[in-house]
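Nothing in this text is a laboratory measurement; each read-out follows from the coordinates by a stated rule. Everything quoted here is computed from the prediction, not taken from an experiment. In this analysis, Cβ positions are derived from the backbone assuming ideal geometry, glycine residues included, and neighbour counts consider all displayed protein chains.
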Amino acid sequence: MPGHNKQLQQCESIARSTKVRCRAKGWLKKNSNKYRCKNHGGLCKGQVTLQGKIKALKNLVNFRNKTDLEIENYVRQRIGNN
């Protein structure tokens with residue numbers, strides 16, 4: 001059918017209490033080759049923009065007392081801008 005995503009399948013997560021599978025649609029995870037919905041980690045990609053990476057690193061103990069410019073230089077050298 002047009003408009004439906006063929007990559008979506010049922011999420012393979014199982015509830016601990018009821019032992020029932022999640023009924024939401026999920027995306028294929030590259031690491032585990034399992035389908036996960038947005039609630040179980042299917043859409044988690046981490047920080048993408050440079051500002052998001054700087055904001056996330058500021059929460060770590062090693063980067064608490066550093067300025068945004070120092071963290072930006074670290075990100076560009078080590079992690080990259082992608």
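Test of the criteria: in segment 15-82, which trypsin sites (Lys or Arg not before Pro) are in a DSSP loop and have at most 11 other Cβ atoms within 10 angstrom of their Cβ?
Passing sites in segment 15-82 are ARG16, LYS19, ARG23, LYS30, LYS45, ARG64.
Identify the chymotrypsin sites (Phe, Trp or Tyr not before Pro) of segment 9-82 meeting these criteria: DSSP loop state and at most 15 other C-beta atoms within 10 Å of the C-beta.
Passing sites in segment 9-82 do not exist.
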